[in-house]
Amino acid sequence: MRLDRFICRSTDLSKEQATQTIKTGQVYVNSSAIHDPRVQVHENNLITLKGVELRPRPPRYILMHKPANTICSNIDEAYPSLFNYISIDKASELHIAGRLDADTTGLVLITDDGRWSYQITQPNYLCEKVYRVRLRSPLTEKAELALTQGILLQGEEKPTRPAKLTVVESSEVKSTDFKSNEVKATENKRTEVLLTITEGRFHQVKRMFAAVGNKVLQLHREQIGPIHLDVKEGQWRFLTLEEIDAFTHQ
Ligand code: URA
């Protein structure tokens, strides 16, 4: 990582303060004073500030349940940033492994470990993301086939990777006949589905359903790789060591 980042990760200094400290010659890498904040350093290097050896904080791994009308950005824009919910030191060093749209809810993984998040976001790692999708119109079997085989999205050259799709049976419409007090289940309307994809193209799920003439009314991410959402909306927790390691072996 860059020297200025290393200093931020191992002290309480902000990026600007770290840059100034480096420029004034107070930081040594393997006994040489380094004045350039952009120099790349390695964890095996001996890095000192005013003679004291620095060690970076261990990386952080967080699971959060994103509420609607929040954005996956480090600063507030049209909607408040998700990070307003996370009271933690140096939150500005964290990033989201696979952003969700402002109106999408559900599971987000947050970290300051870029190598780890790469395994979640890079399509080559085939990390599965499961979305619960509520649709405006019943999903036709033709559309289901197209989505599972891979579909060419508008403005793109390569079709999407094959996806898994399950129609959620609980979307059966139940009605009560008040005269006989009988509960009748009419046919499954096929308007709620679970979609599993291994990519993260821009607005991918919404565009996939648009490409088959449907519209996503509600979108919620339930799972990333082996990790399920298990906290309430707006809440977060640190991942366990097992959960962190699950991605390194995928
Ligand atoms: N696909 C979308 O269209 N939106 C999201 O937020 C996530 C996946």
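Just a few scattered comments:
- Looking across R115, R136, one residue alone is modelled with pLDDT of 95 or more and of a type outside the set (A, V, I, L, M, F, W, C). It is R136.
- Of the strands (runs of 3 or more DSSP E) lying entirely inside the stretch 157-201, the ones with 3 or more residues being within 16 Å of the ligand (Cβ to nearest atom) and modelled with pLDDT of 95 or more are found at 192-197.
- Selection status of T148, within 23 Å of the chain's Cα centre (by Cα), at pLDDT 95 or above, surrounded by fewer than 19 Cβ atoms within 10 Å (Cβ to Cβ) and of a type outside the set (D, E, K, R): yes
- Taken over the stretch 57-85, residues that are in a loop (DSSP other than H, G, I, E, B), surrounded by 14 or more Cβ atoms within 10 Å (Cβ to Cβ) and of a type in the set (A, V, I, L, M, F, W, C) amount to 2.
- Condition met for I22 (away from the ligand (no atom under 15 Å from the Cβ), within 26 Å of I227 (Cα to Cα), buried (at least 17 other Cβ atoms within 10 Å of the Cβ) and not hydroxyl-bearing (S, T, Y)): no
- Taking each residue of the stretch 175-198 that is of a type in the set (K, R) and looking for partners that are surrounded by 10 or more Cβ atoms within 10 Å (Cβ to Cβ) and modelled with pLDDT of 70 or more with beta-carbon atoms closer than 7 Å, six or more apart or interchain, yields K189/P138; R190/P138; R190/L139; R190/V167.
- If the condition is being within 16 Å of the ligand (Cβ to nearest atom), more than 11 Å from the chain's Cα centre (by Cα) and part of a helix (DSSP H, G or I), then the stretch 86-126 contributes only P123.
- The lone exception for V231 - which of (1) part of a loop (DSSP other than H, G, I, E, B); (2) within 21 Å of P123 (Cβ to Cβ); (3) aliphatic (A, V, I, L, M) it fails: (2)
Here is a yes/no grid of residues against (1) more than 33 Å from the chain's Cα centre (by Cα); (2) of a type outside the set (F, W, Y); (3) at pLDDT 95 or above:
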| site | (1), (2), (3) |
| --- | --- |
| K23 | yes, yes, yes |
| E43 | no, yes, no |
| V52 | yes, yes, no |
| P58 | no, yes, no |
| I62 | no, yes, yes |
| T70 | no, yes, yes |
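- Every residue from the stretch 127-148 that is within 13 Å of the ligand (Cβ to nearest atom), β-branched (V, I, T) and either part of a loop (DSSP other than H, G, I, E, B) or under 19 Å from I62 (Cα atoms) (or both): V130
- In the stretch 86-114, of all residues being surrounded by 17 or more Cβ atoms within 10 Å (Cβ to Cβ) and β-branched (V, I, T), the one that is farthest from V133 (Cα to Cα) corresponds to T111.
- Within the stretch 99-112, the set of residues being farther than 12 Å from L63 by Cα and not hydrophobic (A, V, I, L, M, F, W, C) comprises R99, D101, D103, T104, T105, D112.
- Count of the stretch 111-157 residues which are without any contact (Cβ under 8 Å) to a residue 60 or more places away in the chain, on the phi < 0 side of the Ramachandran plot and touching a Ser or Thr at 6+ places or on another chain (Cβ under 6 Å): 3
The values are calculated or read from the model by the stated rules, or taken from the named source; none is laboratory data. Remember, predicted model here, so these are calculated numbers, not experimental data. No Cβ is skipped: glycine too gets one built from the backbone with ideal geometry, and neighbour counts run over all protein chains shown.
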